[in-house]
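Participant: This structure is in structure tokens; I'll ask about it shortly.
The values are calculated or read from the model by the stated rules, or taken from the named source; none is laboratory data. Not measured: the values here are computed from a predicted model. Neighbour counts are summed over all protein chains in view; Cβ atoms, including those assigned to glycine, are modelled from backbone coordinates with ideal geometry. Calculation scope for accessible area: heavy atoms of the full protein, side chains included, ligands and nucleic acids excluded. Shrake-Rupley method; radii C 1.70, N 1.55, O 1.52, S 1.80 Å.
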Amino acid sequence: MWNLAVAARLAAVQQVHLRPVFKAKCVTFVSLMEIVKCLHLKARGEVYPCSEVLRFPVPDDKVDWAVPWTNYNPVDYTAPALLKQPSWADPPYRNPCGRTGLKGRGLLGRWGPNHAADPIVTRWKKEGGKTVTHNCSGKPILQFVAICRKDNKEWAIPGGMVDAGEKVSATLRREFGEEALNSLELAEAERQGVKELINLLFEAGEMVYQGYVDDPRNTDNAWMETVAMNYHDETGDSVGKLALHAGDDAGAVKWMDIEKEQNLYASHTHFLHQLVKGRNAHW
Ligand code: RP5
């Protein structure tokens with residue numbers, strides 16, 4: 001969608017060459033990239049519009065980012081009107097929760113929000129076929145599938161980054177499969193079975209949290225945001241019975257009792273707190 005919007009804007013400016021492309025029913029990403037490249041001439045004009053700002057001159061053979069150019073020193077310019085932050089303009093990439101003491105992107109790939117998805121798969125804790133209640137609260141104890149992250153050895157929800165163009169619902173399934181069931185290493189037939197089971201359970205999820213994550217990788221200009229969904233196996237007969245196997249970024253995986261003493265990765269303890277409140281479980 002974004003590429004279509006960009007190309008449409010460029011087409012409106014240029015009027016001419018693009019018409020045939022837009023008449024075609026199927027516009028591919030590759031052809032859009034070509035369009036953008038061949039139009040990239042006015043975007044190198046000497047004086048920037050509505051200003052006296054001069055661009056750093058870029059010759060034809062240096063346009064491509066792939067061509068090394070150590071002396072490239074583009075001019076930094078944002079129009080004064082934009083600095084007043086009108087409602088239609090993007091805010092500068094500024095961490096919405098405030099300063100972090102570090103600028104740049106740190107370990108994160110994108111400026112601004114970096115989108116993740118967190119599947120919280122739960123079941124009731126049982127012993128001898130009976131649901132276990134907590135001595136103090138008298139409430140049933142929920143368990144969730146937790147992974148131990150390889151990067152920092154912290155226990156966490158088996159979440160992950162949403163790939164470009166991927167639907168969040170697909171990320172949730174993929175990450176759970178890869179990290180908690182080691183789907184990447186399974187034989188094809190087995191992987192198919194696991195996929196079907198996940199698809200069944202993940203048909204009915206409930207959103208627990210959406211928004212900013214207090215992730216240690218966050219900076220002033222790049223931060224994590226997530227959608228945390230709960231997939232609950234009420235009887236414990238489907239995923240609740242699955243053999244868990246850590247895979248990909250997970251060093252270990254287990255069913256973990258949910259209780260407030262846990263100190264999980266990033267904001268994951270907070271997500272679980274939201275979840276137990278909704279299910280009236282022990283905390
Ligand atoms: C957290 O980082 C999110 O809540 C999600 O669990 C995780 C995604 O990052 P990776 O696990 O892919 O590093 O902020």
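Participant: Scan the range 169-187 for residues that are open to solvent by 20 Å² or more (accessible area, probe 1.4 Å), closer than 16 Å to ASP248 by Cβ and not in a helix (DSSP H, G or I) and report the count.
Facilitator: Summing the residues that are open to solvent by 20 Å² or more (accessible area, probe 1.4 Å), closer than 16 Å to ASP248 by Cβ and not in a helix (DSSP H, G or I) in the range 169-187 gives 2.
Participant: Hey, another quick one. Of the residues GLU190, GLU203, GLU166, which is part of a loop (DSSP other than H, G, I, E, B) and away from the ligand (no atom under 15 Å from the Cβ)? Don't jump to the end; show me each part of the working.
Facilitator: Numbers: GLU190 fails: part of a loop (DSSP other than H, G, I, E, B); GLU166 fails: away from the ligand (no atom under 15 Å from the Cβ).
Going through GLU190, GLU203, GLU166 in turn, just one is part of a loop (DSSP other than H, G, I, E, B) and away from the ligand (no atom under 15 Å from the Cβ): GLU203.
Participant: Is it the case that PRO113 is within 17 Å of the chain's Cα centre (by Cα), within 16 Å of the ligand (Cβ to nearest atom), more than 27 Å from VAL253 (Cα to Cα) and in a strand (DSSP E or B)?
Facilitator: Values: within 17 Å of the chain's Cα centre (by Cα): yes; within 16 Å of the ligand (Cβ to nearest atom): yes; more than 27 Å from VAL253 (Cα to Cα): yes; in a strand (DSSP E or B): yes.
Yes.
Participant: OK, next. What about ASP118, is it open to solvent by less than 80 Å² (accessible area, probe 1.4 Å) and out of contact with any Leu (no Cβ under 6 Å at 6 or more places or on another chain)? Reasoning before the result, please.
Facilitator: Values: open to solvent by less than 80 Å² (accessible area, probe 1.4 Å): yes; out of contact with any Leu (no Cβ under 6 Å at 6 or more places or on another chain): yes.
So ASP118 fits the description; yes.
Participant: I would also like to ask the following. Looking at ALA246, is it in contact with a Pro (Cβ under 8 Å, 6 or more places away or on another chain) and surrounded by 16 or more Cβ atoms within 10 Å (Cβ to Cβ)?
Facilitator: Here the answer is no, as ALA246 does not meet what is asked.
Participant: If you don't mind, there's one more thing I want to ask. Considering only residues that are over 15 Å from GLU154 (Cβ atoms), in a strand (DSSP E or B) and hydrophobic (A, V, I, L, M, F, W, C), which ones fall in the range 217-264?
Facilitator: Those that are over 15 Å from GLU154 (Cβ atoms), in a strand (DSSP E or B) and hydrophobic (A, V, I, L, M, F, W, C): ALA222, TRP223, VAL227, ALA228, MET229, TRP255.
Participant: Can you tell me how many residues within the range 126-156 are free of Cβ contacts under 8 Å to residues at least 60 places away in the same chain and of a type in the set (Asp, Glu)?
Facilitator: Of the residues in the range 126-156, 1 are free of Cβ contacts under 8 Å to residues at least 60 places away in the same chain and of a type in the set (Asp, Glu).
Participant: Of the residues ASP64, ASP60, ASP76, which is acidic (Asp, Glu), modelled with pLDDT of 80 or more and open to solvent by less than 90 Å² (accessible area, probe 1.4 Å)?
Facilitator: ASP64
Participant: Another question about this same structure. Mind telling me which of the residues HIS268, HIS232 ends up being more than 10 Å from the ligand (Cβ to nearest atom) and modelled with pLDDT of 90 or more? If you could, list the steps in order and put the result at the bottom.
Facilitator: Numbers: HIS268 fails: more than 10 Å from the ligand (Cβ to nearest atom).
Just one listed residue meets the conditions, HIS232.
Participant: When you scan the range 137-156, how many residues do you find that are within 13 Å of the ligand (Cβ to nearest atom) and either open to solvent by 10 Å² or more (accessible area, probe 1.4 Å) or assigned to a loop (DSSP other than H, G, I, E, B) (or both)?
Facilitator: The qualifying residues number 7.
Participant: Ok, one more. Among the residues of the range 202-212, is there at least one that is in contact with a Ser or Thr (Cβ under 9 Å, 6 or more places away or on another chain) and among the hydrophobic types (A, V, I, L, M, F, W, C)? First the steps, then the outcome.
Facilitator: Start the filter on the range 202-212 by keeping residues that are in contact with a Ser or Thr (Cβ under 9 Å, 6 or more places away or on another chain), which leaves 202, 205, 209-212.
From the residues that got through so far, the ones that are among the hydrophobic types (A, V, I, L, M, F, W, C) too are 202.
Yes: the range 202-212 contains one or more residues that are in contact with a Ser or Thr (Cβ under 9 Å, 6 or more places away or on another chain) and among the hydrophobic types (A, V, I, L, M, F, W, C).
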